[in-house]
């Protein structure tokens, strides 16, 4: 699955002497091994769990990059963005904001939500529907906007 693909990519990056790519791939491998060693994952990771691990890594890189950018640390910002680019290669294609909005409108219709009070119900259904295809922050923003 993902681990074998990452291992192959690491070998290719080593041969190509691509330091930035190698850093990103090693971060993915470390996160996968950590997730595998957690309680209940002894048989291996499901595809859904792998996507969650990758999303977490991507989110960490984005947040760090934002902080470094605000502090004018372009050297560290560049490193985070290089790793983020590698991590995003392994994530499913992300939906655009318009596509997310359309799917959430359908979720709101199916749950019968009418106000911000129903946000929890809509968020639960929307997160299941959009798992791996959109980040939680964007989903939350769109739900809040549509229910207001």
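A short reminder: the numbers here are calculations on the coordinates, not readings from a lab. Only a predicted model underlies this, so the values are computations on that prediction, with no experimental measurement involved. In this analysis, Cβ positions are derived from the backbone assuming ideal geometry, glycine residues included, and neighbour counts consider all displayed protein chains.
P(r) of segment 2-89 in 5 Å steps, Cα pairs, percent per bin? With a bin width of 5 Å, the distribution comes to 2, 15, 23, 22, 17, 12, 7, 2, 0. With log10 I(q)/I(0) by the Debye sum over Cα atoms at q = 0.09, 0.10, 0.21 Å⁻¹ in mind, check (1) -0.37, -0.45, -1.19; (2) -0.29, -0.36, -1.38; (3) -0.38, -0.47, -1.40 and report the label derived from this structure. Evaluating log10 I(q)/I(0) by the Debye sum over Cα atoms at q = 0.09, 0.10, 0.21 Å⁻¹ on these atoms matches (1).
Our summary gives segment 2-89 a relative contact order of 32 percent, counting only alpha carbon pairs under 8 angstrom and 6 or more residues apart. Relative contact order of the chain: 20 percent, from C-alpha pairs under 8 Å at least 6 residues apart in sequence. Our analysis of segment 97-147 gives Rg over Rh at 0.90, with the two radii drawn from alpha carbon positions and Rh computed by the Kirkwood formula. Fully extending the segment from residue 4 to residue 144, taken as 0.36 nm per residue of separation minus the present Cα-Cα distance, adds 46.4 nm. Give me the angle, in degrees from 0 to 90, between the Cα long axis of helix 47-70 and the longest principal axis of the Cα atoms of the chain, rounded to the nearest 10. Roughly 80 degrees, rounded to the nearest 10. A Förster radius of 41 Å, combined with the Cβ-Cβ distance separating residue 114 from residue 52, puts the computed FRET efficiency at roughly 0.85. Once the Cα atoms of helix 74-89 and of the chain are each reduced to a long axis, what angle between those two axes, in degrees from 0 to 90 to the nearest 10, is obtained? Roughly 70 degrees, rounded to the nearest 10.
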